[in-house]
1. Can you run down the residue pairs with Cβ atoms below 7 Å, 6 or more apart or on separate chains, where the first is in segment 41-65 and over 17 Å from Glu2 (Cβ atoms) and the partner is acidic (Asp, Glu) and assigned to a loop (DSSP other than H, G, I, E, B)?
2. Mind checking which residues of segment 9-40 are without any contact (Cβ under 8 Å) to a residue 24 or more places away in the chain and either part of a helix (DSSP H, G or I) or in contact with a Cys (Cβ under 7 Å, 6 or more places away or on another chain) (or both)?
3. Right, Gln24: at pLDDT below 95 and either exposed (fewer than 13 other Cβ atoms within 10 Å of the Cβ) or of a type in the set (Phe, Trp, Tyr) (or both) or not?
4. Can you tell me which residues in segment 41-65 are in a helix (DSSP H, G or I) and surrounded by fewer than 16 Cβ atoms within 10 Å (Cβ to Cβ)?
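The values are calculated or read from the model by the stated rules, or taken from the named source; none is laboratory data. Bear in mind that the values here come from a model prediction, so they are computed numbers and not experimental data. FYI the Cβ positions are ideal-geometry reconstructions off the backbone, even for glycines, and counts take in every protein chain you see.
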Amino acid sequence: MELYLFRHGEAMSPLENPERPLTQKGRRDVERMVDVLKKEHVHFRKLYHSPKLRAVETAAILNQA
């Protein structure tokens, strides 16, 4: 079994949006990570994440790998 740990992408500040969704830069950074994972033929059977919006959005992008 292999375990991969990821931190969510850059999120908006709580002053900009209290739910703290990913910024455009955060989305691009996670999408670049997906490109690397695809090149390395990494596939996930399960993704576990926090219910916080930024983690949900990051997991949704990572699920493309």
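1. Sorted first by the residue in segment 41-65, then by its partner, the pairs are Leu53/Glu19.
2. We begin by selecting, within segment 9-40, every residue without any contact (Cβ under 8 Å) to a residue 24 or more places away in the chain; these are 10, 12-18, 23-25, 28-29, 32, 35-36, 39-40.
Result: Gln24, Lys25, Arg28, Asp29, Arg32, Asp35, Val36, Lys39.
3. Values: at pLDDT below 95: no; either exposed (fewer than 13 other Cβ atoms within 10 Å of the Cβ) or of a type in the set (Phe, Trp, Tyr) (or both): yes.
Taking the combined requirement at face value, the residue does not satisfy it.
4. To start, the set of residues in segment 41-65 that are in a helix (DSSP H, G or I) comprises 53-62.
Residues satisfying the conditions are Val56, Ala60.
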